[in-house]
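S.K.: There's a structure below that I have some questions on.
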Amino acid sequence: MVARGLAANGYKVFVAEDARQAVDRMRENLLDIVLLDPRFDPVEQGPVFVTREVNILRPAQRRRLFFVLLSPSLRTMDAHTAFLNNVNAIINVSEIYELPSLIERRVREYNELYKDFNNTLGVQAL
């Protein structure tokens, strides 16, 4: 449902089948936005491996990846909780139908925050 909604709003979507595939794709630096469902690949502890992979990125790489945590219990767009979870945004699964607009708004805010930095480095916004 999430992938279809994002694709319908113009996003190129890749859905990893397991943690290994997700981490491999992240290492290829082909992703701008990563959405993590805490129930992803529970057999292989998918959320742990994906989060670890994001956490070990060099700062320049991390700034080029927008990391979103889907949560059944955390409040949508709670900046403090997002900071504590080392993600750029949190979206509560009860608001999943608003996902494209929530991501668009938060990415726009993120790009505004890093506008001068990106201009100085000569890199495109996300």
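The values are calculated or read from the model by the stated rules, or taken from the named source; none is laboratory data. Bear in mind the structure is a predicted one, so any value in this text is a computation, not a measurement. Neighbour counts are summed over all protein chains in view; Cβ atoms, including those assigned to glycine, are modelled from backbone coordinates with ideal geometry. Areas reflect the complete protein model, heavy atoms only, side chains present, ligands, DNA and RNA absent. Shrake-Rupley method; radii C 1.70, N 1.55, O 1.52, S 1.80 Å.
S.K.: Stretch V15-R105 to full length: gain in nm at 0.36 nm per residue minus the Cα-Cα span?
M.R.: Extending this stretch completely gives an extra 30.2 nm.
S.K.: Under a point-charge model restricted to the Cβ atoms of Lys and Arg (+1) and Asp and Glu (-1), what is the dipole moment magnitude of segment 21-82 relative to its Cα centre, in debye to the nearest 20?
M.R.: Dipole magnitude for segment 21-82 comes out near 280 debye.
S.K.: Work out, step by step, the length gained on full extension between A60 and D24: first 0.36 nm times the residue separation, then minus their alpha carbon distance; give nm to one decimal.
M.R.: This chain segment gains 11.1 nm when fully extended.
S.K.: Any chance you could run the full-extension gain for L84 through N119? It's 0.36 nm times the residue separation minus the Cα-Cα distance, nm to one decimal.
M.R.: 9.8 nm
S.K.: A further question on this structure: Quick check: the distance between the Cα centres of segment 1-47 and segment 51-94, to the nearest angstrom?
M.R.: One Cα centre to the other: 14 Å.
S.K.: Another one. Just how large is the dipole of the chain about the Cα centre, in debye to the nearest 20, putting +1 at every Lys and Arg Cβ and -1 at every Asp and Glu Cβ?
M.R.: Approximately 300 debye in magnitude.
S.K.: Just flag the trypsin sites (Lys or Arg not before Pro) in segment 20-126 sitting in loop per DSSP whose Cβ has no more than 14 other Cβ atoms within 10 Å.
M.R.: R39, R75
S.K.: Can you compute the equivalent ellipsoid semi-axes for the chain, i.e. the square root of 5 times each eigenvalue of the Cα gyration tensor, sorted largest first and rounded to whole Å?
M.R.: 21, 18, 15
S.K.: Carbon and sulfur together cover what percent of the accessible area of segment 1-96 at a 1.4 Å probe radius?
M.R.: Carbon plus sulfur share of accessible area: 53 percent.
S.K.: Taking the dipole about the Cα centre of the chain, with the C-beta of Lys and Arg at +1 and of Asp and Glu at -1, give me whichever of G122, A16, F67 is farthest to the positive side.
M.R.: G122
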